[in-house]
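Visitor: Mind looking over this structure? Questions follow.
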Amino acid sequence: MKIFCVVGTRPNFMKIAPVYHALQGRGICGLLVHTGQHYDEVMSEIFIRELNLPVPDIALNVGAGSPCCQVARIIERFETAVLVEKPSAILVAGDVNSTLACALAAAKLQVPVAHLEAGLRSFDRTMPEEVNRVMIDQISDVLLTPSEDADQNLKREGIPTSRIFRVGNAMIDSLRTKNAEAIDRSKTLLSDLGLEKRRYAFFTVHRPANVDEPSRLEKIVEILRIVGRELPVVFPMHPRTRKMLEPRILRCRLEAMQVTVCDPVGYVDSLALQGAAQLVLTDSGGVQEETTALGVPCLTLRENTERPVTLTEGTNTLVGLDPERVRRAVEDVKSGGGKRGRIPDLWDGHAGHRAADVLCDWIGRA
């Protein structure tokens, strides 16, 4: 039995790793396939090392490009890999271009597809990821969901209940495995950055809808100014964000604020900085989940989220790009408020094992 485990961007590594390790423990041959959608040290290789994953068995090396070009290149190269290796099934995770492309190629070749983190919806089709999510779920054979809302979304879209398996949040497995290391690492990181525990904000933005539009980027800089008046801010800058800021005077304005801009950080360092922060601001879906697991208040710089459990049970609050909403939320956190939430069901560190059980049973019956 041979299963392709597909990764392409940094969130994929945290989701796939627990399932990959659980499959290996059951004697299943899991081949790690890296599309190369994220391909440099800080966006890819460091995650492989920190999550104890092997050097990828298959590297497609697609590199940068427009979404359509990336998807096309991945389909072409992944098809060749599937025809050569003849896997029993493929496992894809999340909602990035790599996930869609590999699922589509496998479906065309009639190789069974399992989708980890299936059923999440923001109900905003202007988000490229939302289009990917819907399409991936429609062509997948097994849908491994993280939460009850995901199950209900799939049922409303006509997915048979027999194909839906709630396994929980695999990314939290990775967090639980690495959190003790992150807590220890935070002592050095905070000292190096001149920060005090619970006396700074952690800030990330990378989504095209936020950073590719100049008017929205102006609002993000204004939000940084507002937060920086109240707290020191550490801002690991995604390559996409850096590319958009570099040609503009906006970068100079950042340097004049109480904002420390640094390169993207690895997984353990990211957990360390989030876990020790008083407040996190982000447009990342994964960070919304990580802050809920860590019990740190999170302000999401979007008007919607595909992870509503972080709002109803967790520490997340949607503030969009409205400076006034951000200002009020920051003041609330500083005064001792902010959501504390609770850990949602099946965020228990065993989602990878449940997913592996489903996959073994499903392939055994196929």
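The values are calculated or read from the model by the stated rules, or taken from the named source; none is laboratory data. The model shown is predicted, which means the values in this text are computed figures rather than measured ones. Ideal geometry is used to build each Cβ from the backbone, glycine not excepted, and the neighbour counts take in all protein chains shown.
Visitor: Write out, first by first residue and then by second, each pair whose Cβ atoms fall under 7 Å of each other, whose residues are 6+ apart or on separate chains, and whose first residue, in the stretch 92-109, is assigned by TED's automatic domain parsing to the domain that holds Pro11 while the second is among the charged types (D, E, K, R).
Guide: Partner pairs satisfying both residue conditions: Ala93/Lys15; Ala93/Glu117; Gly94/Lys15; Gly94/Glu117; Asp95/Glu129; Asp95/Arg133; Ala105/Glu79; Leu109/Glu79.
Visitor: Which of the numbered conditions does Gly341 fail, given that it passes all the others? Conditions: (1) in a loop (DSSP other than H, G, I, E, B); (2) assigned by TED's automatic domain parsing to the domain that holds Phe165; (3) not acidic (Asp, Glu).
Guide: (2)
Visitor: Quick one: count up the residues across the stretch 150-187 that are closer than 21 Å to Asn52 by Cβ, in contact with a helix residue (DSSP H, G or I) (Cβ under 9 Å, 6 or more places away or on another chain) and assigned to a helix (DSSP H, G or I).
Guide: So the answer is 16.
Visitor: OK, next. Scan the stretch 147-170 and report the pairs whose first residue is in contact (Cβ under 8 Å) with a residue 60 or more places away in the chain and whose second residue is surrounded by fewer than 22 Cβ atoms within 10 Å (Cβ to Cβ) and assigned to a helix (DSSP H, G or I), with Cβ atoms within less than 7 Å and a gap of 6+ or a chain change.
Guide: Phe165/Val358; Arg166/Asp151; Val167/Arg354; Val167/Val358; Gly168/Arg354
Visitor: Here are Gly314, Gly349, Gly341: which of them is of a type in the set (Gly, Ala, Ser) and either within 30 Å of Pro112 (Cα to Cα) or surrounded by fewer than 16 Cβ atoms within 10 Å (Cβ to Cβ) (or both)? Please lay out each step first, then the result.
Guide: Working: Gly314 fails: either within 30 Å of Pro112 (Cα to Cα) or surrounded by fewer than 16 Cβ atoms within 10 Å (Cβ to Cβ) (or both); Gly341 fails: either within 30 Å of Pro112 (Cα to Cα) or surrounded by fewer than 16 Cβ atoms within 10 Å (Cβ to Cβ) (or both).
From the options Gly314, Gly349, Gly341, the qualifying one is Gly349.
Visitor: Could you check Leu281 against (1) surrounded by 21 or more Cβ atoms within 10 Å (Cβ to Cβ); (2) assigned to a strand (DSSP E or B); (3) at pLDDT below 95 and say which number it fails?
Guide: (3)
Visitor: Report the residue count in the stretch 12-37 for those that are over 17 Å from Glu117 (Cα atoms) and either in the same structural domain as Val287 (by TED's automatic domain parsing) or among the small types (Gly, Ala, Ser) (or both).
Guide: 4
Visitor: For the stretch 32-49, enumerate the residues that are part of a loop (DSSP other than H, G, I, E, B) and either at pLDDT below 90 or not β-branched (Val, Ile, Thr) (or both).
Guide: Step one: of the stretch 32-49, the residues part of a loop (DSSP other than H, G, I, E, B) are 35-40.
Hits for the stretch 32-49 are Gly36, Gln37, His38, Tyr39, Asp40.
Visitor: Could you tell me which residue of the stretch 284-298 is surrounded by the fewest Cβ atoms within 10 Å (Cβ to Cβ), considering only residues that are hydrophobic (A, V, I, L, M, F, W, C) and not in a loop (DSSP other than H, G, I, E, B)? Working first, answer last.
Guide: Keep residues of the stretch 284-298 that are hydrophobic (A, V, I, L, M, F, W, C), which gives 287, 293-294, 296, 298.
If we keep only those that are not in a loop (DSSP other than H, G, I, E, B) as well, we get 287, 293-294, 298.
On the way: Val287: 23, Ala293: 24, Leu294: 21, Cys298: 32.
Only one residue tops the list, namely Leu294.
Visitor: Let me ask something else about it. Pull up the stretch 251-268, narrow it to residues that are surrounded by fewer than 18 Cβ atoms within 10 Å (Cβ to Cβ) and outside any loop (DSSP other than H, G, I, E, B), then point me to the one that is modelled with the highest pLDDT.
Guide: Cys262
Visitor: Further question on the same structure: Would you point out the residue of the stretch 22-37, among those that are surrounded by 21 or more Cβ atoms within 10 Å (Cβ to Cβ) and not small (Gly, Ala, Ser), that is nearest to the chain's Cα centre (by Cα)?
Guide: Ranking the qualifying residues of the stretch 22-37, first place goes to Gln37.
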